[in-house]
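The values are calculated or read from the model by the stated rules, or taken from the named source; none is laboratory data. Given the structure is predicted, the values throughout are model-derived calculations rather than measurements. When we count neighbours, we look across all protein chains shown, and the Cβ atoms used for this are built from the backbone with ideal geometry, even at glycine. Just the protein is used for accessible areas: all its heavy atoms, side chains included, with ligands, DNA and RNA removed. Shrake-Rupley method; radii C 1.70, N 1.55, O 1.52, S 1.80 Å.
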Amino acid sequence: MLKQLFKSLKGKKTSAIAVQTPLAESPVTISRDEHTISRKQISKNALNVMYELTRAGYQAYLVGGGVRDLLLGLSPKDFDVATDATPEQVKQHFRRARIVGRRFRIVHVRFGREIIEVTTFRGNHNQADDGKTPHIDKTQVNDQGMLLRDNVYGSLHDDAMRRDFTINALYYSIEGFTVLDYANGMQDLADKKIRIIGDAAQRYAEDPVRMLRAIRFQAKFDFSLEADTAAPIAQLAPLLKQISAPRLFDEVLKLLLSGSGKKTFELMEGFGLFAPLFPTTANILSKESKPDKVFHSLIISALANTDLRIQQSKPVTPAFLYAALLWPSVSVISEQYQHKGEPRFRALQLAGHQAIDEQMPVIAIPKRFSIPMREIWTLQHRLETAHGKRAIGVLQHPRFRAAYDFLLLREQSSQTTEPRGLFWTNLQIEHPLSTDHAAIDKPRRPRRRSRKPREKSQRDTPLQD
Ligand code: ATP
Ligand code: MG
């Protein structure tokens, strides 16, 4: 596939883009027979949005992951459309359209369960003012250069400049079925390179989440980070502390529940991106002595396990992963409580609360995950000690299966003194239950459905909530 892509690019290369120079004024146009995207692979709804906007006289392109993934022969997670219509103009054309986000306004057009995200071309923030919109509503930058608001609209060329990586700045047009490439993205796809558009340090300062996105794509596609794109990351990693805790929760899920979680975690550690996100865990990991590194190996096993489950299309839950990521902290704090005379169960309870309270200002873990996390932790005590009838009672606990899987992880990384996994494995054979650990997200009692389905909303927008 990549060879084919590469072949079709011969003689098509845009003038090489030195990182700090502007993009080519006009794009390289890759015609239908020179690329591999077919309309059949694109969501009907995304096509409808593009046809409707085009009929109304606007420009509309498929952009971002949709184009990138199709060119890589993968099936895109979602389809994003870029247009020169303003959010208000887009809204007029679709019955179920909502403008979302204040700081980065976009339109969600809903078709059943699918949401097509329609983004108006972003422009350069230093662009001349139209005199109509208050400046504060359009663009705002903090002292560190971070964009707090990005609602300046511009041309297609401007939009390409505002995107993060060259491989994410390819536009597919339904008029002529061509791919437009301003940033040499096709070449970078063929070379398996993640290259930031513009000056790396400045682009990371504008939005530090771009550093996480860089390594996410690196791990997911097994690409390399181009040298200038990689260079400033280690130094700028602490800027992640400026990002809102709810946005970081979503970003971390994308990083670690992508199917390449183990690799992503190792890259995060290598680039110093783990410590700003999990300060307490990172601090404990940094003090672990070789060769044991028990906490480190527990986290690695949890991620490898999660990757495997994703490969096997089994469900995965953030609660289990977060239980592993915060376990070093829970473990250390609970020992301190035990030293002070608290019984093990109570110590685990107190430590669980404290570990979550310390993590929350950085990453906002929703209650639907933090409650099962605490149960997984406190159940460790019961799994370490229960026998006989009590043990059979523990099997009935809704979080038993997750806690048991967690115990096995701990044993694998020599976290327990007396192995008890086998006892519980045998007990389950004698008393079979059908639950799986990922079933822990399910509410115990049926909940009333909220009227509005959860929006993709600000989760995927580049700016702070
Ligand atoms: P995936 O959906 O597979 O995670 P994606 O690249 O499509 O990857 P989205 O978050 O859906 O990611 O964003 C769509 C597009 O919007 C990106 O491809 C990129 O062009 C642009 N984009 C997203 N986040 C940023 C950002 N933080 N800075 C600049 N551009 C961004
Ligand atoms: Mg996408």
- Query: Which numbered condition trips up residue 94, out of (1) assigned to a loop (DSSP other than H, G, I, E, B); (2) within 15 Å of ligand 1 (Cβ to nearest atom)?
  - Reply: (2)
- Task: State the number of residues belonging to segment 179-196 that are open to solvent by less than 10 Å² (accessible area, probe 1.4 Å) and over 20 Å from residue 36 (Cα atoms).
- Result: 2
- Task: Kindly check whether there is at least one residue in segment 392-404 that is assigned by TED's automatic domain parsing to the domain that holds residue 348 and more than 35 Å from the chain's Cα centre (by Cα).
- Result: yes
- segment 169-178, subset open to solvent by less than 10 Å² (accessible area, probe 1.4 Å) and among the aromatic types (Phe, Trp, Tyr), residue farthest from the chain's Cα centre (by Cα): 172
- Considering (1) under 27 Å from residue 51 (Cα atoms); (2) open to solvent by 20 Å² or more (accessible area, probe 1.4 Å), say which one residue 166 fails and leave the rest. (2)
- Single residue of segment 357-369 satisfying the filter (open to solvent by 10 Å² or more (accessible area, probe 1.4 Å), in a helix (DSSP H, G or I) and in contact (Cβ under 8 Å) with a residue 12 or more places away in the chain) that is nearest to residue 321 (Cα to Cα): 369
- Task: Provide a single number: the residues in segment 80-100 that are open to solvent by less than 20 Å² (accessible area, probe 1.4 Å) and of a type outside the set (Ser, Thr, Tyr).
- Result: 7
- Task: Sort out which residues of segment 60-85 are more than 11 Å from ligand 1 (Cβ to nearest atom) and part of a loop (DSSP other than H, G, I, E, B), and write them in order of number.
- Result: 73, 84, 85
